[in-house]
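Bear in mind these aren't lab numbers, they're just calculated from the coordinates by the rules spelled out. The structure displayed is predicted, hence computed values, not measured ones.
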Amino acid sequence: MKTIDYSLIIVYFIGILIVGMLFSSKMKSSKDLFAAGKNSPWWVSGLSTYMTLFSAGTFVVWGGIAYRLGFVAVSILMVIGIASIFVGKFVAGRWRETGVDTPAEYVGIRFGKKTISFYTIVGLVSRAMTTAVALYAIAVLLAALIPLPENHILRDPNTGNLSVAHGIIIVGVITLIYTIAGGLWAVMMTDVVQFIVLCLMVVLLIPLSVKSVGGLTTFIETAPKGFFSLVSGGYSFVWLILWCVTYFFMVGGDWPFVQRYISVPKPKDAKKAAYLVGVLYLITPILWMLPSLIYRVINPNADPEQSYILIGQLVLPAGLIGLMMAAMLSATMSMVSSMLNVFAGVLTHDVYHYYKPNASEKKLVLVGRLFTLLFGIVTIGLAILIPLFGGAESVIVTFVTLVIGPLAIPSIWGLFSKKITQKAVWISLGTTYVTGIIVRSAPSISGLFINQRDGIRNIISYMQSNVELIDAIVGMVLPITILTIMELKGRRKDISEGWKQLLVSTDKSKNEEVQMPSASLLKLPALILVSSLGILGIILGGLAMVLKSDQNILTLFASILFASAILIYAAYILNEKKLGK
């Protein structure tokens, strides 16, 4: 990268910090800090959910799969869109109806206080790991782009570039600062800014990538055999179906996403937020993965995990590489900040406040920020250790299918079932996790058994060859089967105490008046959106004037950004006049 690239990354960091600080003084209560006062616009909640699903791991993990196996990476991501649409239809609105302020509060109401402790511990560990993967992934890309002089304190002596560990610390600390300062409002609004930056760079990269390979026709003709198959490798149609089910329960029941559904004013807003995520995930995966697919044709011997950044280096002029790095930073920081905020909220509301019920709102805000800091430090430490856990792809797939998915299933089940109790949660999760440990350990310990029968050896061999499918069966099919059996075994008249308490909370929510935010807080989302579009338009317009290559593309995109900013601002003004504000 050149000086202009570093400058743009610094500008991006400054902009994100400014957004966080804009909301800092508006965090008057713990509900503001962790639930945005339940006044988030649905489109902000939807874009934030979309970005929470995203990270640099999308480019490293799924981009690597696209490079190795082809179009199946697009299939994997598109089924998340299908899952999100089903979440919007059946689940998202139900979460808002419960009236809870945190996902853990719901778990306590529906399944009892002891279950909160289990969910909190497992959720903290699993999400700390997946968040650490996101930090590790972006640090790998950042380190690959930043060479440093000899004896520089941040230099990795083996590569001559920024060390991965220092990259993790830099990105992690900046994310911590704005998350601590502005709470969920800052998290969601920085997500909106990050969405704009991400989409801009991905869409910019596509025509330049296609041009570099000699056009789409050349790319299609020279791609490896089977490269455009919907399934490939260990990712079969059965696996995709199970993956879709996994994400239905994850997007519908995992705490960072539930937090978005309970932060909007009404149930219909929660539904619209989930539908927005679904539509975007049906449209955008081909845009994300196309550059990695193309790079396989250009350079078939590259490191798959670096394919995205390598094609960026190949086709982007100075300045745009910095913007691409900012886009990947955007994706990662969005995911990291979401996890920090939701689990700090759980620790504050459902752990600290449980033992200190008389704590003032000012005290809860302070404690919430301290928990955010502590969780962030732990996550940064884990990110530095990711190579010891088998790499990014191994950690992501394993934790999503074997830990996070099974954890969300009883939560969603409990929204609709009158019978399921705390006992069902323990049996479902206990059986799933023990089975997962056995299945994961079986291949490595099989050598201890000398007199293995052919049948056992065949089973072990199949498990080793179909790790992704076995994980999905254990993580999805097993807990759903257990809960189904317990549901059918229960008597029709059985109604759990937790269900009765949930009905009380739901009735209370229906009669609750959501406190309207101040006029200044309502204006901020629209003004931040317009400002972001305008600033990016200025940056691209400036690059179009100083760069010798790709000026037409840059000018076109700058014009689109300016026009979008003007149209959105005009629509905002008209809406204000219509409402008489």
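Some points to look at:
- Two-decimal Rg to Rh for the range 98-143 - Kirkwood Rh, Cα set: 1.24
- Once the chain from CYS199 to ILE10 is taken as fully extended at 0.36 nm per residue, the excess over their C-alpha distance is 66.1 nm.
- As an equivalent ellipsoid, the chain spans semi-axes of 36, 33, 22 angstrom, where each value is the square root of five times an eigenvalue of the C-alpha gyration tensor, largest first.
- The relative contact order of the chain comes to 28 percent, based on Cα pairs under 8 Å that sit 6 or more residues apart.
- In this structure, the pairs whose alpha-carbon distance is over 21 Å, taken from LYS89/LYS268; LYS2/LYS211; LYS114/LYS508; LYS271/LYS423, are LYS2/LYS211; LYS114/LYS508; LYS271/LYS423.
- Put the Cα centre of the range 326-368 next to the Cα centre of the range 228-292 and the gap is 24 Å.
- Greater than 19 Å apart at Cα, pairs in LYS113/LYS500; LYS362/LYS510; LYS38/LYS356; LYS266/LYS362: LYS362/LYS510; LYS38/LYS356; LYS266/LYS362
- For q = 0.12 Å⁻¹, Debye-computed log10 I/I(0) when each Cα of the range 66-146 counts as one equal scatterer: -0.65
- Spherically averaged projected area in nm², based on the convex hull that wraps the Cα atoms of the range 255-362: 10.6
- Panel values: the range 48-96, Kirkwood radius from alpha carbon pairs, Stokes-Einstein at 25 °C and 0.890 mPa s, translational diffusion coefficient 202 µm²/s.
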